[in-house]
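The values are calculated or read from the model by the stated rules, or taken from the named source; none is laboratory data. Everything quoted here is computed from the prediction, not taken from an experiment. In this analysis, Cβ positions are derived from the backbone assuming ideal geometry, glycine residues included, and neighbour counts consider all displayed protein chains. Calculation scope for accessible area: heavy atoms of the full protein, side chains included, ligands and nucleic acids excluded. Shrake-Rupley method; radii C 1.70, N 1.55, O 1.52, S 1.80 Å.
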Amino acid sequence: MLIDFFLEVRRARVPASLREFLDLLEALQHRLAFADMEEFYYLARLCLVKDERHFDKFDRAFQAYFEGIENLDALLEALIPDDWLRAEFEKHLSDEEKARIESLGGLEELIETFKKRMEEQQERHAGGNKWIGTGGTSPFGANGYNPEGFRIGQKNGRHGRAVKVWEKREYKDLDDSITLGIRNIKVALRRLRKFARQGAADQLDMDDTIRSTARNAGYLDLKMVPERHNAVKVLIFFDVGGSMDPHVRVCEELFSAARMEFKHMEYFYFHNFIYESLWKNNVRRMNETTSTWEILRKYSPDYKVIFVGDATMAPYEISHPGGSIEHWNEEAGATWFQRITDHFRKVVWLNPLPESYWGNGGSLAMTRQLVNHHMYPLTVSGLESAMKQLTK
């Protein structure tokens, strides 16, 4: 059965390998999941899915293959050995529950009654006080209540978690559609890697040391090299405040990942659009600013420039002098942005809004034109596309 399930997962384009399938079988042999569909779902997902982007695909494959198996009807057709029933029931019964069961004549009589009802019942049942089912007061079933009975097909009480978690599809459309966190952002940023060795020679070059020592008749000849690091230089401009407030978390994740990935990274903040000055401290942004001219003089054209913002504002904030809502700008924002794109060779814009919100006009269309249409959604796939553009 599980071989067909594994093939169903593969057909859903989840890149699960045979080694991962064998890990799942080994986990089942050690009873990491036993007689519980929800436990098996989480265990199978843990073993077969190695990237969160494939969670939704796995959920759909799981639902397609196991649809209906979690229902009680499948259990009614199963032949359950007596020793299995006794061992499982006794393992989960407290002393108080065992005492209550005695009122029905003991565990032996309860199991015999259960088996007889399984033979008599021909369909799924919900409610009531006799048949095996859900939501009633029968001693057998799930989601109901009887102090002298036992649950079937339900790990916790009905006030706990739902069973069919795979149908919830909590990761629906996760595949390439939303930002997943710092780890995924770092993976995308690695497309910008360009390693070099610069600075003091303070690291041991093992290969060269071995060759030199061999050539030196066995006398140790240590060879040192500078540290190897990512030599790509990145300049990031973050839009802050106003409509960007809901996107603070994803911007923080991008900022944190970029700081860890790039040794040469500088950042500045702006509000809505770029004008004659920017800042690095939002608390003191009114009196501690950096001239945009200074940025153009200080940072060489080989810096990779990334703008992060929703580009949502009144069009005149881009096109007209005095368009800024916070101060009087002598020159239009479009003029300053053009100077940025003229100076730096590679410029992209990351937008936290979904592409379906971008529309075909207004400030978003103007910004896309200024950045030569190199605007990408701030998602995993969008970030990867932006990194490809920066490396061309």
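Computed values, structure above
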item	result
Meets criteria (within 21 Å of Lys346 (Cα to Cα), assigned to a helix (DSSP H, G or I), open to solvent by 50 Å² or more (accessible area, probe 1.4 Å) and of a type in the set (D, E, K, R)) for Arg259	yes
Qualifying residue in region 238-251 (condition: among the small types (Gly, Ala, Ser) and at positive phi)	yes
Residues satisfying the stated conditions in region 228-252, i.e. buried (at least 16 other Cβ atoms within 10 Å of the Cβ) and at pLDDT 85 or above	Lys233, Val234, Leu235, Ile236, Phe237, Phe238, Asp239, Val240, Met244, His247, Val250, Cys251
Subset tally (residues that are under 35 Å from the mean Cα position of the chain (by Cα), surrounded by fewer than 16 Cβ atoms within 10 Å (Cβ to Cβ) and aliphatic (A, V, I, L, M)) for region 297-345	1
Those residues of region 368-383 which are out of contact with any strand residue (DSSP E or B) (no Cβ under 9 Å at 6 or more places or on another chain) and open to solvent by 30 Å² or more (accessible area, probe 1.4 Å), in sequence order	Gln369, His373, Ser381
Residue tally, condition in a helix (DSSP H, G or I), under 16 Å from Trp349 (Cα atoms) and among the aliphatic types (A, V, I, L, M), over region 236-256	3
Number of the exception - Ala365 against (1) open to solvent by 50 Å² or more (accessible area, probe 1.4 Å); (2) free of Cβ contacts under 8 Å to residues at least 24 places away in the same chain; (3) within 24 Å of Lys392 (Cβ to Cβ)	(1)
Members of region 44-57 found to be closer than 12 Å to Glu20 by Cβ and over 12 Å from the mean Cα position of the chain (by Cα), listed by number	Ala44, Arg45, Leu46, Cys47, Leu48, Val49
Residues that are surrounded by fewer than 14 Cβ atoms within 10 Å (Cβ to Cβ) and outside any helix (DSSP H, G or I), drawn from region 1-25	Met1, Arg13, Pro15, Ser17
Given (1) under 25 Å from Arg345 (Cα atoms); (2) open to solvent by less than 40 Å² (accessible area, probe 1.4 Å); (3) in contact (Cβ under 8 Å) with a residue 40 or more places away in the chain, index of the condition Trp279 fails	(3)
Subset tally (residues that are open to solvent by 20 Å² or more (accessible area, probe 1.4 Å) and within 19 Å of Val240 (Cβ to Cβ)) for region 346-362	2
